[in-house]
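Read through the structure below, which is laid out as structure tokens, and then see the notes.
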Amino acid sequence: MTDEAAGGRRKESTFLVTHADDASAVLRDVHDAEVHTLAENPDLGTNDVLEATISADPPMAVTWTVETVADRRTVDLAESPESPTTQARDLATDQAVGEVTRRERAGEGELHVLTVPEDGTTDAVADVLDDEETLARAARLGVRRVEVRGEAGVVSVRYLP
């Protein structure tokens, strides 16, 4: 949500920290993908997730400042040594290579099942783990853990509370 009525631009949203160093940080709004560079880093680390309000710095509004933080968390992203669950394997049997099925989990989170070429499973797991969008989706869902499982031709991505 953006508020410009007070003269300066303010935005309240969920942000993923995509870059952080001692001097500044870069936030990506996980809902609209807008990128915001902070003028100073208020002790943020790459891949932190913030529920926050930020405001544009005058006079040019090219950098931003964190005004308030309602929640701050990290997302644990891990490859599991376990095989995809029976549910994930069953979903994959009904899909063509390249298809993705998304299912809500009981309670919180989601399950994504990707069908990939059997010889490309290891690369697909690595791609999911390296993809910034995996963390952005976790931030949108409000989860704290992403578990990636793979076996020949099937990759499951579990977004867990």
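The values are calculated or read from the model by the stated rules, or taken from the named source; none is laboratory data. What you see is a predicted model, and the numbers here were worked out from it, not measured in a lab. Glycine also receives a Cβ, built like all others from the backbone with ideal geometry; neighbour counts cover every protein chain displayed. For accessibility, only protein heavy atoms count, side chains too; no ligands or nucleic acids. Shrake-Rupley method; radii C 1.70, N 1.55, O 1.52, S 1.80 Å.
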Could you name every one of the strands (runs of 3 or more DSSP E) located completely within the stretch 56-161 that has at least 1 residues being open to solvent by less than 60 Å² (accessible area, probe 1.4 Å), within 20 Å of residue 44 (Cα to Cα) and in contact (Cβ under 8 Å) with a residue 24 or more places away in the chain? 64-74, 76-79
Are any of the residues in the stretch 65-81 basic (Lys, Arg) and at pLDDT 95 or above? yes
